[in-house]
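See structure below.
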Amino acid sequence: MAKRQAKKETIPEPSLEHLKRLTDDTGLFQHAKFTIPLRSEGYTTDDNARALIVATKHYALYHKPETLRLLDRYLAFVLHASNDDGTVKNFMDFDRTWHKAEPVSDAIGRVIWAFGELLANPPSANYIHIAQERIDIAMPLIKKQYPRGLAYSILGLAGYLKQFPYADNAKSCITNTADLIAARFEENMRPDWPWFENILTYDNAMLPCALFTAGITLSNKKYIELAKKICDFVLENTFNGSHFSFVGCQGWFPRGGKKAQFDQQPIEAAGTILMLDAGYKATKDKKYLVLRQKAFNWFLGENDLGIPVYDSKSKGCGDGLGAEGVSLNEGAESTLSFLLGLLTMQEGHIS
């Protein structure tokens, strides 16, 4: 960790410069040492799926040929990772060999989200069949995922319905998936702890984001009301009245325990932006817009240390906000989180 000079940042243009630096002809590298890709750490489908989401959003806004080239590269990686039964491989070494034994991940959900984004904003008609086929194959697997994988899948299914608004299979799948999330919540929540687990960990905001999205897509007020309740809990534990202070990964936040202040991760800011964006779309309550801007400003220095996590020189993003400052390593997840947050802000401004 190191301290960057605190300064007032303006809203930057969404540059893909650092993303290109982390990308080779196979796909997006997982980690970096400072701004240099760490080939020894290889690639993940998680990151390439997120990169596909970012590239798709960027191309829909800017129509740059270089963005489309990146989009195609990430799409090729995700397709290569996808098995015929809908499952996905996640970890690949630099020599392009897949790991045989992998830890449990949310990769299926992120892949469905990526294909759904591609269906919602296809660069051309040629992409539609590719994405539709992969979601159709993976749809039966959605119910077997953990809550965050369920949440990512709902975002993908919502994109599916933007392309195919009368697809009953996707509508039913969103309903069933949102009901699974709601059931998990009801089973585990307590009056003093309205949450899915006995601990707040990572990417928490994506769960209410998914319920907001399900409510918007299906015009279901029940999902929206539940999303508001859970969103309020997330905000109570991350927004201190002046700026966002996310749950740190050095201990997380167990029920009845103390919230870890550090290391705060960029993925939390991105998920919060998405949650608040969906909250505004679902309710038209402008408080969500105000907080959405506050969540984005975390990247620019409105955080516990008062220093920017976004690197305006490299166009990347530090991997975390720690007690000693910002990580000088700028890997895939952090940079993609910044870009996803920024592009979501720009989409909201345009709409």
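A compact table of results
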quantity	calculated
Segments 310-317, 186-193, 214-221, 146-153 sorted - mean Cβ within 10 Å per residue, highest first	146-153, 310-317, 214-221, 186-193
Carbon/sulfur fraction of accessible area - the chain, other protein chains in place, 1.4 Å, %	52 percent
Simple Cβ-charge dipole of the stretch 236-331, Lys/Arg +1 and Asp/Glu -1, about Cα centre, in debye nearest 20	460 debye
Computed [θ] at 222 nm, deg cm²/dmol, the chain (DSSP H ≥ 4; -39,500 (n - 2.57); rounded to nearest 500)	-17500 deg cm²/dmol
Modelled label reach - D136, point 7 Å along Cα→Cβ, the stretch 67-89 residues with backbone N closer than 18 Å	79, 82-87
Among A101, A332, A278: highest mean-square fluctuation, GNM of the chain, C-alpha pairs under 10 Å	A101
The stretch 84-127 versus the stretch 248-312: alpha-carbon centroid distance in Å	26 Å
For the stretch 151-227: span of alpha carbons on each principal axis (Å, largest first)	40, 23, 16
Computed E for S172/K313 - FRET, C-beta separation, R0 41 angstrom, nearest 0.05	0.25
In order through the stretch 29-38: 3J(HN,Hα) via Karplus (6.51 cos²θ - 1.76 cosθ + 1.60), integer Hz, x for Gly, Pro	5, 6, 10, 9, 9, 6, 10, 9, x, 9
Debye, to nearest 20: dipole size of the chain, +1 on Lys, Arg Cβ, -1 on Asp, Glu Cβ	720 debye
For the stretch 203-351, with +1 on Lys and Arg beta carbons and -1 on Asp and Glu, the positive-most of C317, S337, G256 along the dipole	G256
Long-range amide H partners of V326 with built H, under 5 Å	A2, K3, R4
V88 long-range amide H proximity, modeled H, under 5 Å	N83
R190-K222 pseudo-label distance in nm [points 7 Å out on the Cα-to-Cβ vector]	2.7 nm
Nearest-0.05 FRET efficiency for K258 and I128, computed from C-beta distance (R0 56 Å)	0.70
Theoretical FRET efficiency, 1/(1+(r/R0)^6), r = Cβ-Cβ of E17 and N198, R0 41 Å, to 0.05	0.50
Segment D72-F94, length gained on full extension (0.36 nm per residue, minus Cα span)	6.0 nm
Per residue accessible area of the stretch 293-344, 1.4 Å probe, in Å²	23 Å²
Whole-Hz couplings from phi, Karplus 6.51/-1.76/1.60, listed for the stretch 186-196; x for Gly and Pro	4, 5, 10, 5, 10, x, 8, 8, x, 8, 7
Accessible area expressed per residue, the stretch 190-277, with surrounding protein chains retained (probe 1.4 Å, Å²)	38 Å²
Shape call, the stretch 1-122: gyration tensor on alpha carbons, a/c limit 1.5	oblate
Size of the chain as Cα extents on the principal axes (Å, biggest first)	49, 49, 43
For the stretch 224-309, alpha-carbon Rg over 2.2 N^0.38 Å	1.07
Selected from T87, P14, L52, residue furthest toward positive end of dipole (the chain; charges at beta carbon)	P14
Amide proton proximity set for D263, modelled H, under 5 Å, gap of 5+	C249, Q250
Estimated vicinal HN-Hα couplings, Hz - the stretch 134-139 in sequence order (Karplus 6.51, -1.76, 1.60; Gly, Pro = x)	5, 5, 4, 5, 7, 3
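The values are calculated or read from the model by the stated rules, or taken from the named source; none is laboratory data. None of the values given here were measured: they were computed from a predicted structure. Cβ: placed from backbone, ideal geometry, glycine included. Neighbour counts: every protein chain shown. Heads up: the accessible areas ignore ligands, DNA and RNA and are worked out on the full protein's heavy atoms, side chains in. Shrake-Rupley method; radii C 1.70, N 1.55, O 1.52, S 1.80 Å.
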